1. Just want the answer: with Cβ charges of +1 for Lys and Arg and -1 for Asp and Glu, which residue in ILE47, LEU66, SER191 is farthest toward the dipole's positive end in region 16-197?
2. Are there trypsin sites (Lys or Arg not before Pro) in region 203-265 that DSSP marks as loop and that have at most 10 other Cβ atoms within 10 Å, and which are they?
3. Treat the count of other C-beta atoms within 10 Å as a stand-in for reagent exposure and order VAL91, VAL174, VAL151 from fewest to most.
4. Search the structure for amide H atoms under 5 Å from the amide H of VAL65, placed 1.01 Å from N in the peptide plane, and list their residues when 5 or more places away or on another chain.
5. Taking Cα centroids, how far is region 147-193 from region 55-102 in Å?
6. Placing one identical point scatterer on every Cα of region 33-191 and ignoring solvent, what is log10 I(q)/I(0) from the Debye formula at q = 0.11, 0.14, 0.17, 0.20 Å⁻¹?
7. Would you mind counting up the charge near GLN241? Only other residues with Cβ under 13 Å from its Cβ, with Lys and Arg at +1 and Asp and Glu at -1.
8. In the neighborhood of VAL135, defined by Cβ-to-Cβ distances under 14 Å, what is the net charge if each Lys or Arg adds +1 and each Asp or Glu adds -1?
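Please treat every number below as a calculation from the coordinates, not as lab data. Bear in mind the structure is a predicted one, so any value in this text is a computation, not a measurement. Every residue, glycine among them, receives a Cβ derived from its backbone with ideal geometry; neighbour counts consider all protein chains shown.
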Amino acid sequence: MRGKGGRGHGQFRANQALGQHFLSDPVLLDDLVTLSGIGPEDTVFEIGPGLGSLTEALAARARAVLALEVDPRLLPILAVRLHGQHNVQVVEGDVMTANLPELLGPLGPFHVVANLPYYLTTPILNLLLTLPLPVKSINVMVQKEAAERIVAVPSTPAYGPLAVLAQYRAQPTVVRLIEAREFSPPPKTDSAFVTMPIRDVPPVAVPDEALFFRLVSAAFQMRRKTLLNNLMPAFGLSREQAAAALKQAGLPDNVRGEALSLQAFAALAQVLSA
Ligand code: SAM
């Protein structure tokens, strides 16, 4: 996929394999900053500044912005565009491999605002939602389908590990739909901007988070299987042990993972960690 190009702004040839779909409408960009709730006290981490349009809008409102961009061709363009913006620091790097605690630690509590590279939406959100760092909110442009997966409720096709993690850590809301034609080059589908203020306290009690996340991942491993059948291999349980755990958590033994609410996942995690 790498190298598949597309027209971006001016002379720059967008690399769509890097998810390069740029925004340029200053009114829309300003709205995204407003929807993110960014004010003069806030520090922002932006993933993928691209040509710097959102970075510029953020810099005008935030105390400080740190932007991480993987494409080295964009660094000189960003340097020119952001020249004189003393509250912006642009760093070259890959968000998936960068040492984020080292990079972001000095910022103190920060907000994430980004028009995400869509090929990395789930890995980036998994990372941000599990980082041991003071993230105050995550505000991201994603494909409309990804937004549906983030806010999905149990027993719907979009419900999965991303919904459980996002709703456990944060309070996600789809705050705006954005048509593909707002981007250059336009992506294949429409997009949505999702805000996720991070919760101070999770909505359910989970004594062992690692086990909770292992359970959630196992529950959706084979969507057509019952939870009982997914639990046995994931936790090394016999059929009888798995059935007993479900019963103790108040769940029928033919339940499917996709039917479990956050509360039900937490109850089962408590039984399994006992
Ligand atoms: N913020 C710009 C805008 O709104 O116009 C660009 C957004 S574009 C959808 C995604 C950006 O993420 C691109 O600049 C791309 O090069 C960058 N990107 C892609 N993969 C990345 C990675 N692994 N780490 C950091 N940035 C990445």
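1. SER191
2. Details: sites: ARG214, ARG223, ARG224, LYS225, ARG239, LYS247, ARG256; in loops: ARG223, ARG224, LYS225, ARG256.
Listed in order of number, the matching sites are ARG224.
3. Working: VAL91 12, VAL174 15, VAL151 19.
Exposure proxy ranking, most exposed first: VAL91, VAL174, VAL151.
4. The answer is VAL44, VAL88, GLN89.
5. Centre-to-centre distance over Cα atoms comes out at 25 Å.
6. Per q value, in the given order, log10 I(q)/I(0) is -0.43, -0.71, -1.06, -1.45.
7. Numbers: positive: ARG239, LYS247; negative: GLU240, ASP253.
Once positives and negatives cancel, what remains is 0.
8. Numbers: positive: LYS136, ARG169, ARG199; negative: ASP42, GLU46, ASP200.
Value of the local net charge: 0.
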